[in-house]
Every structure is written in C-alpha cells, then in structure tokens.
Amino acid sequence: MGTEDEWYQILGVENKQGMIRERDADNIVRELGMKSYEGGYKVLVVWMAERMNLPTANTLLKTLEEPAEKTLILLVAENRDRLLSTIISRVQQVVVPDKGIGFSAARQEEFAGMFVSWMRLLFKLNMQPLSAWVDQIAGMGRETQKLFLQYVQEALRACFLQTAAGIRLTRELEFGDPKFDTAFPAMITPRNIEQMNQALNEAMYAIERNAYAKMAFMQLSFKMSRYIKNR
C-alpha cells in the first residue's frame, strides 16, 4: 500500500494536511446504500480513520451502528488515541502489533540528517543556525512536519531502549553518523524521555491545528534543549 507520506507525495499534496471530510462520508454512505453487483458482501476499508473530523464521524455513526446486510466496514488507524470516542464505542477493536513507523529510504536519510543537526544545535543553542533550521522545516508541508516529529519520537524511543535495556539501534534507526550513533543514545534517560515525548505530542497537536510553524518549532526547540540537558 505504501506509507501515508508516500501517498501524499504521489497525490502531490505534501503541503496540505490529510483529512477525511464530511463529503467523503456522504459518498461512503451513498455507495454502501447500493446493492452489491453480484449480491455478495460489500467491504469498505477506511484507511487512517483517525483523520475523520467530528462532522464526518457524525455522518457515519448510523452506518456503523446499523450497517446494511452483508456489509463489512474496516477502520484502519495507526493511533487509537486519536480516534473519536463516538467511533470507538461503535466498533470492535483488533490491535495489530506495532512494527514501527514506515519511512521510505530517501525520507529516512533526510529525517536522520535533520535530526542529527537539530540535536547538535540544541546542545549549543546558537540562535542563528537554530533559526535557519527552524526556517527549513517550517517551509515543509504540515504532513512532512508531523511525520518528522513521529520520526523523532521513534528515534528517541530507540535511543532510550539502548540506554535502559541495551537494545542496540537497528539499521533503520541509525543516523548515518558513527560518532553520533555511539554517543547520543546515552542522552535519553528515564529522567527526560517522557518530557520530550510530551513536548513532541504537543507540537504535533499545534501543527494539526494550523499553528504558526516557525513559532511551534522554536518553542519545541527550547523545551527539547532544556530536557536533553536534564539527563
């Protein structure tokens, strides 16, 4: 199927946020109301179901509660906590083991380089190069910004596992800088991992709400700088 990020690139909408809107829900209800061509089952797969806004969810509630005969509706989500409670209460949940976030090789290399540069800037907190780094990521689409923050969360989690449990970084999460790969994981400890993860979640939420990207990433940088030094 490809990753969410790859789909955005194929569709040429990297600078927009993905969303399942009310008009999409109207189309779903209309399509499911039609008879199957050969009288068999109708199956609908809603990918990234957490992208539904409230009007979309309200439009689909009755269909989820009382689907037509021989109709299966599969809602696929990466983050259950971001699904609306009205949706969760009307579905049967099946948890699939997490195998991490999928990134293309090119995106992995790009994010790794950005991550290493950012972490080094946070130690020195030199405003001129930090401001240039913030300008760079602020110029990217919001979906790319959120994907980078997810990458950072995954990278910090891997570093913490290496520090706390001796589980070495996988090849996919090595940063392409041997010196950094060796030294940085020790910076992520029980004392700062939760604070950093919360700050990243707050930044992601702000970006989803169309916050000014430069301000959001600069505020995040100040928080992360403080936390990473508090190990």
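Every number here is computed from the coordinates shown, using simple stated rules; none is lab data. No experiment lies behind these values; they were computed from the predicted model shown. Cβ: placed from backbone, ideal geometry, glycine included. Neighbour counts: every protein chain shown.
So which trypsin sites (Lys or Arg not before Pro) in segment 163-216 are both in a DSSP loop and have at most 16 other Cβ atoms within 10 Å of their Cβ?
Of the trypsin sites (Lys or Arg not before Pro), the ones in loops of segment 163-216 whose Cβ has at most 16 other Cβ atoms within 10 Å are Arg168, Arg191, Arg209.
If each of Asp177 and Phe123 carries a label point 7 Å out from its Cα toward its Cβ, how far apart are those two points in nm?
0.8
For Thr86, project a label point 7 Å along Cα to C-beta. Then give me every residue of segment 28-70 with its amide nitrogen under 11 Å of that point.
53-62
Could you compute the FRET efficiency for Arg168 and Asp24, with r as their C-beta to C-beta distance and R0 at 41 Å, rounded to 0.05?
Plugging the Cβ-Cβ distance into 1/(1 + (r/R0)^6) gives 0.45.
If each of Thr189 and Arg231 carries a label point 7 Å out from its Cα toward its Cβ, how far apart are those two points in nm?
0.8
Below 24 Å Cα-Cα, how many Lys pairs turn up in segment 105-228? Only count pairs eight or more apart in sequence, or on different chains, if you could.
Total qualifying Lys-Lys pairs in segment 105-228 comes to 6.
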